[in-house]
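Student: Quick one: structure below, then a few questions.
The values are calculated or read from the model by the stated rules, or taken from the named source; none is laboratory data. Just so it is clear, the model here is predicted, and its values are computed rather than measured. Backbone-built Cβ (ideal geometry, glycine too); neighbour counts: all protein chains shown.
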Amino acid sequence: MNKIIFVLLLSAFSLFGAEVKWEKDLSSAVQRADKEHKPLMVLVTKNGCRWCDIFKQKTLTNPKVVAILNRDFVVYEGVVDEGSVPPSLMTQGTPATWFIKGKTPMFEPIMGAAESGDFLEALDIVKQEYKKNATNK
């Protein structure tokens, strides 16, 4: 019986305890994305931003979102008031989610705290466009 409880707890932790694997700095994120041929997602946030916290606590903890980001993307969080956002990715508001191929944004950023379902759809579109553009080269 103890083994069954242990396995169930371990499974629950694996499913709900998964976290997005963030790159430490933008330079290494760009290099890794290039090396692994994956789109780079840059999340621009600001300390004390309520919507940034909501997006990170709800959408970016959804097990499906986490699995897709960790498998198919390289992800980096730049914090405006910590100086870790390049000027080219600064926006009027936060959170702003950019998707980048090479060093060029693929689209305008997604602004605000997208719901999990909408964000999953956006991730699918980004993956399709990334592959389409890669095969056209």
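Student: Looking for whichever is surrounded by fewer than 20 Cβ atoms within 10 Å (Cβ to Cβ), touching a residue at least 12 places away in the same chain (Cβ under 8 Å) and more than 23 Å from S27 (Cα to Cα) here; the options are I54, I68. Which one fits?
Tutor: Numbers: I68 fails: more than 23 Å from S27 (Cα to Cα).
When all the criteria are applied, what remains is I54.
Student: If you don't mind, there's one more thing I want to ask. Looking only at region 83-137, how many residues end up being assigned to a helix (DSSP H, G or I), more than 13 Å from L43 (Cβ to Cβ) and out of contact with any helix residue (DSSP H, G or I) (no Cβ under 7 Å at 6 or more places or on another chain)? First the steps, then the outcome.
Tutor: Let us first name the residues in region 83-137 that are assigned to a helix (DSSP H, G or I), namely 87-89, 116-135.
The next check asks that each one be more than 13 Å from L43 (Cβ to Cβ); those that pass are 87-88, 116-118, 120-121, 124-135.
Those left that are additionally out of contact with any helix residue (DSSP H, G or I) (no Cβ under 7 Å at 6 or more places or on another chain): 87-88, 117-118, 121, 124-126, 128-135.
Count: 16.
Student: Let me ask something additional. Could you tell me which of the residues K3, K38, K24, K64 is modelled with pLDDT of 95 or more and either of a type in the set (F, W, Y) or in a helix (DSSP H, G or I) (or both)?
Tutor: On the way: K3 fails: modelled with pLDDT of 95 or more; K38 fails: either of a type in the set (F, W, Y) or in a helix (DSSP H, G or I) (or both); K24 fails: either of a type in the set (F, W, Y) or in a helix (DSSP H, G or I) (or both).
None of the others qualify; the one that does is K64.
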